[in-house]
Amino acid sequence: MIARPAPEIWEAALGQLQLEVSKPNFSTWLSKTVGMECRDHHFVVGVPNTFIAEYLEKNQRSLIEKALTGILRDDVKVEFRVSASTEKPGAARTNLPLFNPRYTFDTFVVGNSNNLAYAAAAKVVENPGLAFNPLFLYSAAGLGKTHLLHAIGNRAALNHMAVLYVSAEQYTNELVTAIREKSTDEFRKKFRNVDMLLVDDVQFFAGKEQIEENFFYTFNELHSSNRQIVVAGDQAPQKCQGRWRKVRAPRGMMLANGQARDWRRSRDGKSNREETALQAQARRVRVKRWGKSPPGLR
């Protein structure tokens, strides 16, 4: 076995792995890893958190061992070990547990119907606050809105952003509690001192005027400071009740309109055909992007 420092060996392995996996896959699962130890046919890879360790163990072990074996010219077994030294202090450790580790960009199956929604979500992570801000995802239930929100959150957390995911119902409950307990300052700090806010099921705000008004104060404060907002609902903004009805997409609007996702990935990672004709006709995924503050919300 070639005697070289573990970090140097791992950097060489990463260079090879970067050619073997997709760019999003590499960025999500490998870019924050480090070589920690190499001894007696045993190589330790440092990872930022447990769910990355579990993913690599399950999905990339053989590929990584093959790369390391080629570099070291000897058989090697790899171990994935969580290490704080791979991670900057701050948002990632705090936020990652908020997101389902199975809901990533890699596990979202892209087809002709949802490729613009997928691309817009990915762009939000690449250029938060600049690309599509705010980003509004809407479709019928069960078509992947929540998956994309979690995918955005997982990737943003890995990039050490302060990102917060909340359902509209949870936002409502926390606001009611804050008012009752006279802790609205803490509430504002929680939702307004973030780099990215992800809100699911915004149709829940309908008919709750005070809650909706508070949310749009939060919305405007984040938007005015170029912090990313992504919201998801089951209807287009103009079809929603309350303030959402006043939202009209100005110049620069992007619309992704489709029907059914072509494939759904099963639990074992394989793709199976999912759609019946009736299901396919029922499915819609749309994305809207506002270039400036939506009218009525300024």
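Just so it is clear, none of the values below were taken in a lab; they were calculated from the coordinates. Please read these numbers as outputs of a predicted model, since none were measured by experiment. Heads up, the Cβs are rebuilt from the backbone with ideal geometry, glycines too, and the neighbour counts pull from every protein chain shown.
Can you flag which of LYS32/LYS190; LYS23/LYS66; LYS23/LYS58; LYS123/LYS145 are past 22 Å Cα-Cα?
Over 22 Å apart, Cα to Cα: LYS32/LYS190.
Label region 143-244 by shape, choosing from rounded, prolate and oblate, from the square roots a ≥ b ≥ c of the eigenvalues of the Cα gyration tensor; if a/c is under 1.5 it is rounded, and otherwise prolate applies when a/b is larger than b/c, oblate when it is not. Show your work: numbers first, answer last.
Working: a/c = 1.66, a/b = 1.09, b/c = 1.52.
In terms of gyration-tensor shape, oblate.
Got a sec? Which residues in region 3-46 would a label at ASP75 touch, if it sits 7 Å along Cα→Cβ and we count backbone N under 11 Å?
No residues fall inside that zone.
Could you name the aspartates and glutamates whose alpha carbon sits less than 12 Å from that of LYS182, not counting residues in the same chain fewer than 8 places away?
List returned: GLU174.
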